[in-house]
Each structure stands twice: as C-alpha cells, then as structure tokens.
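Down below is the structure, laid out as structure tokens.
Computed from the coordinates by the stated procedures, all read-outs in this text should not be read as laboratory data. On a predicted model such as this, the values are computed, not experimentally measured, just so you know. Cβ placement follows ideal geometry from the backbone for every residue including glycine, while neighbour counts extend to all protein chains displayed.
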Amino acid sequence: MSNISAAQFFAWIERYAAHIAEQKDYLTQLDAAIGDADHGANMHRGFQAVLAKKDDLQNSDIGALFKGVAMTLISTVGGASGALYGTFFLQASTMAGTKTELTPGDFASVLEKGLAGIVLRGKAAIGDKTMVDALQPAIKAYKRSIDSGESLEQALSKAVSAAEEGLKSTVPLVARKGRASYLGERSAGHPDPGATSTVLLFRSAAESLT
Ligand SMILES: Nc1ncnc2c1ncn2[C@@H]1O[C@H](COP(=O)(O)OP(=O)(O)OP(=O)(O)O)[C@@H](O)[C@H]1O
Ligand SMILES: [Mg+2]
C-alpha cells in the first residue's frame, strides 16, 4: 500500500483551508444558532494564517508541518476551536516526528494521538455535541479499514462517511460542552459547528492524500 508524503499532507492542509474559506459563512451561521457566531471566521482566520506560512511549511517534514499548523492556529484563532484543533495538530506532530512519509497505519496512530489530545484538553465525550462526535467515529472507521487490509482510498472514504454520520448524530443532542451548553435544551435541533468543520477535514483528506 502506498505511503503518504509530506507534500500530500501539505496538500491536505491547503485543501482544508480552501473548504473552510468556501464554507466560512455556513459554519458561522451554524455557530450563530447555538454559539457566538464565530466558528467560520475563527477557522478561516487560522487557516489563512497557516497558508501565509506556505513557503516554510511545504518544505517541512511531517512533524514540523503539523507543529507549524498547530502553533499558528493556537496563536491566531483565540476561540475554543483554535485551541482544540491546535492541540490535535500538536499531538499529531509529536507522533509524526521527523518522518517525510507515513504508512496508512502510521497515519491512524497520528490521528488517534491528535484525538487523545483534544479529549484530554476539552474533556468531551461522544454525545456531548462537539467535534469529537465526528472525529472519533471517523478515526475509528479509518483504522478499522486499514487494519482489515483495505486501501487508503477506501479507508478515507469510510472515515468521511463516519464523520458525516457523527455530524448528523449531533443534531438532536443537547450540548454539554462549550458555549452551546449554556443554551441547554434549546441547543437541540441544530448541527454542531465543530463537528461540521471536522467533516470538511476528512473530506479534504480523502481528496488530497490518495
Ligand atoms: N470542550 C470541548 N471539546 C471538544 N470540542 C469542543 C469543546 N468546546 C467546544 N468545542 C467545539 O468547538 C466548536 C466551537 O468553536 P468556535 O470556533 O465557535 O469557538 P468558541 O466560540 O470559542 O467555542 P465555544 O463557544 O464552544 O467555547 C463547537 O461547535 C464544538 O464542536
Ligand atoms: Mg463560537
């Protein structure tokens, strides 16, 4: 099975920045319903700042690339999502280290490490109506697929479907984390903004890592 190069990981980040730019207003609308109407703007600001570092980042090893993304998000986003996605990429970077390519199995470990960082920091569990509701099932589906010998393409496509299912599952939920939790029962009936941006993260991966 083919490995994933640092250049492909950079393409993933670029692709994600493009999806975020395209969906910025939609993500902000979702956050207007149950939060403070800044998720799209937050993510867009962060990923535009990442793109501004393109010259450095596209020649980095995978650990340095993810670390650059992490530090940029943490220092430019401000909101909960900057700290959380920042932690995801920071933990991912420690797992990737100085490698310039990862096997699909290595990538599963990198994703799991990133998720563990988000959970440690944000303390959200499945069902709390956060990005974890999309991220955790997506990573699980990816790993299960790779472990059973399926192709990277199949594994990423299953990850996207699982993330989409996870996003759908957030709609009826009452939020238990972040600003949305202040709404109590009124947070039900809306998709979670962070779970929505997580679906885009996996869609971008499926479009750029194979
Ligand atoms: N403790 C948490 N763990 C995991 N994800 C979280 C947590 N708190 C918030 N989120 C995610 O962050 C998203 C909101 O991100 P946003 O960019 O709007 O930052 P924010 O306005 O500072 O967030 P919030 O108001 O939720 O604290 C939520 O939709 C949710 O998915
Ligand atoms: Mg917000």
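Quick notes on this structure:
- Compactness index (Cα Rg / 2.2 N^0.38 Å), segment 91-210: 1.09
- Potential extension, R179-S75 segment - 0.36 nm per residue separation minus Cα distance: 35.4 nm
- Three-way shape call for segment 51-90 based on the alpha-carbon gyration tensor, with the a/c threshold at 1.5: oblate
- Seen from all directions on average, segment 77-142 presents a Cα convex hull projection of 4.7 nm².
- Charge context of A80, other residues only, Cβ under 9 angstrom, K/R +1, D/E -1: +2
- Placing one equal scatterer on every Cα of the chain and applying the Debye formula, the log10 ratio I(q)/I(0) at q = 0.14 Å⁻¹ is -0.76.
- Above-threshold pairs, the threshold being 26 Å between Cα atoms, out of K123/K168; K53/K177; K53/K158; K143/K168: K53/K177; K53/K158
- For the chain, the dipole from Cβ point charges (+1 on Lys and Arg, -1 on Asp and Glu) about the Cα centre works out to 480 debye, to the nearest 20.
- A188 versus Y26: modelled label distance in nm, points set 7 Å from Cα along the beta carbon direction: 2.6 nm
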